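The values are calculated or read from the model by the stated rules, or taken from the named source; none is laboratory data. Not measured: the values here are computed from a predicted model. Cβ placement follows ideal geometry from the backbone for every residue including glycine, while neighbour counts extend to all protein chains displayed.
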Amino acid sequence: MLILAFDTATDRATSALVGDGELLGERVSRAATLLEDVDALLRQAGAHAGDVEALAVGTGPGSFTGTRIGLAVARGLGLALDVPAAGVSTLAALAAGAPGAVPVIDAKRREIFVEGPRVLAPAELAPPPGTVCVGDGALRWRDVLEAAGAEVPPEDDERHLPRARFHAELARDFGPAELLDPIYVRTPDVHKAAAR
């Protein structure tokens with residue numbers, strides 16, 4: 001099965017083309033260039049859009065806008081190519097790329113997203129001493145996490161990226177792309193404003 005996978009929930013978007021479990025190509029860029037990356041992956045593999053049989057899409061938690069871009073692209077491609085899609089947690093993809101590590105995504109507002117999924121202040125994480133923390137949240141809050149005894153790999157360590165190849169590996173329960181839901185851990189600001 002030829003799976004096109006991508007995740008745009010963090011500042012660095014990842015995309016991959018996986019055929020029968022074999023990585024055919026992978027890219028790291030920004031959510032704004034996702035469709036260009038998809039085109040480049042297909043050309044690199046000598047494939048056409050019509051060859052794609054399924055999509056594996058990062059559903060967050062992460063950036064509200066980034067996550068929505070990924071889901072919009074998935075819905076558009078799913079409809080245009082008539083292929084099923086499966087959502088994969090960005091935290092799960094990070095964990096798959098760093099077995100034994102704690103995935104930490106920057107939630108902005110001086111908060112992080114962690115497994116659960118849940119949102120908390122970086123100082124509230126309190127991992128056991130020696131625990132490896134990965135992800136953009138671990139990089140942003142390195143000082144706080146290391147002061148608590150955690151280990152954060154160098155910035156250029158690939159374990160900090162939610163690699164799309166792991167989305168393809170973890171994808172289950174394929175269905176219509178329009179049924180994919182984002183993982184929101186906190187109430188969007190628009191709901192808070194409307195309640196006032």
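Where in the stretch 101-196 are the helices (runs of 4 or more DSSP H), entirely inside, with at least 3 residues that are under 30 Å from M1 (Cβ atoms) and at pLDDT 95 or above?
164-170
Scan the stretch 80-113 for residues that are within 20 Å of D157 (Cα to Cα) and more than 13 Å from the chain's Cα centre (by Cα) and jot them down.
A98, P99, G100, A101, V102, I112
Kindly list the number of the only condition in (1) touching a strand residue (DSSP E or B) at 6+ places or on another chain (Cβ under 6 Å); (2) loosely packed, with under 14 Cβ neighbours inside 10 Å; (3) within 28 Å of A138 (Cβ to Cβ) that fails for Q44.
Answer for Q44: the failing condition is (3).
Tell me, yes or no, whether the stretch 46-54 has at least one residue that is of a type in the set (D, E), assigned by TED's automatic domain parsing to the domain that holds F6 and within 14 Å of G19 (Cβ to Cβ).
Checked against the condition, which is being of a type in the set (D, E), assigned by TED's automatic domain parsing to the domain that holds F6 and within 14 Å of G19 (Cβ to Cβ), the stretch 46-54 yields at least one hit.
Return the pair list, or none, for Cβ contacts closer than 8 Å from residues in the stretch 121-141 that are aromatic (F, W, Y) to residues that are part of a helix (DSSP H, G or I) and surrounded by 23 or more Cβ atoms within 10 Å (Cβ to Cβ), at least 6 apart or on different chains.
W141/P122
Please indicate, with yes or no, whether at least one residue in the stretch 158-170 is over 22 Å from D11 (Cα atoms) and surrounded by fewer than 18 Cβ atoms within 10 Å (Cβ to Cβ).
Looking for residues that are over 22 Å from D11 (Cα atoms) and surrounded by fewer than 18 Cβ atoms within 10 Å (Cβ to Cβ), one finds none in the stretch 158-170, hence no.
So, L17, is that one of a type outside the set (G, A, S), at pLDDT 95 or above and more than 16 Å from the chain's Cα centre (by Cα) or not?
When the stated conditions are applied, L17 does not pass them.
List the strands (runs of 3 or more DSSP E) inside the stretch 1-44, counting only whole elements, that have at least 1 residues being more than 19 Å from T90 (Cα to Cα) and among the hydrophobic types (A, V, I, L, M, F, W, C). Steps first, answer last, please.
Values: elements: 2-7, 13-19, 22-29.
The strands (runs of 3 or more DSSP E) meeting that bar are 2-7, 22-29.
Return only the number of the condition from (1) free of Cβ contacts under 8 Å to residues at least 60 places away in the same chain; (2) touching a strand residue (DSSP E or B) at 6+ places or on another chain (Cβ under 6 Å) that A49 does not satisfy.
The one condition A49 does not meet is (2).
With respect to V134, determine if the residue is out of contact with any helix residue (DSSP H, G or I) (no Cβ under 6 Å at 6 or more places or on another chain) and surrounded by 21 or more Cβ atoms within 10 Å (Cβ to Cβ).
No.
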